[in-house]
């Protein structure tokens, strides 16, 4: 089978994981182009790939993704630009009949997310949102237990993201923490765990209520946020997200509690089982240990490689990827509802309708 040809648009902080994922799927994927408005960044990712690829590699560097699409034969585009540019770039690529993997969040408005989903359907291409932590072995084991009904009635779930992002992080890339291109801690740092929480707890939202503020960082958006979710199945979700933890990252944990089960998954990137207790007694120590993963080098974890593999398989099998556009919209929508709740001071009922981070530009009056 001929390898799928990949190209990367946006060669900043996270893009090395895209290169790594293509390399790790080398029997079915090959990188043919990198693109960034800063040519040196695109060249750096080209060199990363060439230095580790088996055999001779021909990777072309571009600073204009539209030119790249005209000149290169490409099957899959991966997008790792500033968040605010995701919809425009993704839809341009999909309208050129390219499959797309887009970093989180897929968009900063529900309207743009819906447009991306429709664009993928209209062009019969795959759209995947990079929520790679869904592929962590402990998370997959938890999802299997959920699907088997082992928890009984769900009571509550919690997502805690207690991290440190100092001002150097924001000044290094001035788009971070802005309403136009990013959002705050909830949208940038917390969205992966929020996605996992809603995926485990049933997904269907009744109401979202939030308290957020900008305490320590000189940014437009929040550096701390707390969210309470009422799911339609009656369960309660609680989210605690911070960029203000002193002096470094403390934890990222996902916990689920039901009448017959308790699970807590932690580690550097929700990759270690910290508690696994079920009334049915089905699990032995060996089965739990098999689902453990050692800590990765960064909070990005190990999930990009299997996520890319799932997209490759979805193309060959003509099915939807696990984290398609509809799935990618869910966690993002919870965060947008939290922002709306911050503005109104009231719970937000689902479906919430159109909302965008740009509606938060006048939120300065709520700070401090």
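Checking the conditions here, which among 158, 171 is in a helix (DSSP H, G or I) and surrounded by fewer than 19 Cβ atoms within 10 Å (Cβ to Cβ)? Give the steps one after another, and end with the answer.
On the way: 158 fails: in a helix (DSSP H, G or I).
Step by step, each of 158, 171 is checked, and only 171 is in a helix (DSSP H, G or I) and surrounded by fewer than 19 Cβ atoms within 10 Å (Cβ to Cβ).
Every residue, every condition in (1) at pLDDT 95 or above; (2) over 30 Å from residue 351 (Cβ atoms), yes or no:
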{"position": "263", "(1), (2)": "yes, no"}
{"position": "279", "(1), (2)": "yes, yes"}
{"position": "287", "(1), (2)": "no, yes"}
{"position": "296", "(1), (2)": "no, yes"}
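Could you list, in sequence order, all residues of segment 355-368 that are surrounded by 14 or more Cβ atoms within 10 Å (Cβ to Cβ) and either closer than 19 Å to residue 111 by Cβ or modelled with pLDDT of 95 or more (or both)?
As a first pass, look at segment 355-368 and keep what is surrounded by 14 or more Cβ atoms within 10 Å (Cβ to Cβ): 355-357, 359-360, 363, 366.
Correct list: 355, 356, 357, 359, 360.
In segment 330-349, which residue that is assigned to a loop (DSSP other than H, G, I, E, B) and in contact (Cβ under 8 Å) with a residue 12 or more places away in the chain is surrounded by the fewest Cβ atoms within 10 Å (Cβ to Cβ)? Outline the logic, then answer.
Filtering segment 330-349 down to residues assigned to a loop (DSSP other than H, G, I, E, B) leaves 345-347.
Narrowing the set further to residues that are in contact (Cβ under 8 Å) with a residue 12 or more places away in the chain leaves 346-347.
Numbers: 346: 11, 347: 16.
Ranking the qualifying residues of segment 330-349, first place goes to 346.
Would it be correct to say that residue 352 is at pLDDT below 95, under 18 Å from residue 183 (Cβ atoms), surrounded by fewer than 22 Cβ atoms within 10 Å (Cβ to Cβ) and outside the structural domain of residue 77 (by TED's automatic domain parsing)?
Numbers: at pLDDT below 95: yes; under 18 Å from residue 183 (Cβ atoms): yes; surrounded by fewer than 22 Cβ atoms within 10 Å (Cβ to Cβ): yes; outside the structural domain of residue 77 (by TED's automatic domain parsing): yes.
Judged against the criteria, residue 352 is a match.
Can you tell me how many residues within segment 83-97 are part of a loop (DSSP other than H, G, I, E, B) and buried (at least 19 other Cβ atoms within 10 Å of the Cβ)?
Start the filter on segment 83-97 by keeping residues that are part of a loop (DSSP other than H, G, I, E, B), which leaves 96-97.
Then drop every residue that is not buried (at least 19 other Cβ atoms within 10 Å of the Cβ), which leaves none.
The qualifying residues number 0.
I'm checking my understanding of the structure. Among residues of segment 39-71 that are surrounded by fewer than 16 Cβ atoms within 10 Å (Cβ to Cβ) and in contact with a strand residue (DSSP E or B) (Cβ under 6 Å, 6 or more places away or on another chain), which one is farthest from residue 96 (Cα to Cα)?
Once the filter is applied, the top-ranked residue is 43.
Those residues that are under 17 Å from residue 237 (Cβ atoms) and touching a strand residue (DSSP E or B) at 6+ places or on another chain (Cβ under 6 Å), I need them from segment 133-152; list them, please. Step through it out loud before you land on a result.
Here is the first cut: in segment 133-152, the residues under 17 Å from residue 237 (Cβ atoms) are 133-134, 139, 142-143, 146, 151.
Of everything in segment 133-152, those that are under 17 Å from residue 237 (Cβ atoms) and touching a strand residue (DSSP E or B) at 6+ places or on another chain (Cβ under 6 Å) turn out to be 142, 151.
Give the number of residues within segment 99-115 that are crowded, with 24+ Cβ neighbours inside 10 Å and in a helix (DSSP H, G or I).
Number of matching residues: 1.
Among 238, 167, which is out of contact with any strand residue (DSSP E or B) (no Cβ under 8 Å at 6 or more places or on another chain) and at pLDDT 95 or above?
Working: 238 fails: out of contact with any strand residue (DSSP E or B) (no Cβ under 8 Å at 6 or more places or on another chain).
Matching residue, one of 238, 167: 167.
Of all residues in segment 312-329 being outside any loop (DSSP other than H, G, I, E, B) and within 15 Å of the chain's Cα centre (by Cα), which is nearest to residue 228 (Cα to Cα)? Reasoning before the result, please.
If we filter segment 312-329 for residues that are outside any loop (DSSP other than H, G, I, E, B), which is where we start, we get 312-317, 324-329.
Now narrow it down to the ones that are within 15 Å of the chain's Cα centre (by Cα): 324-329.
Values: 324: 25, 325: 24, 326: 22, 327: 20, 328: 20, 329: 18 Å.
Only one residue tops the list, namely 329.
The values are calculated or read from the model by the stated rules, or taken from the named source; none is laboratory data. Treat the numbers as computed from the prediction; the structure is a model and nothing was measured. Note that each Cβ is placed from the backbone with ideal geometry, even for glycine, and that neighbours are counted across all protein chains shown.
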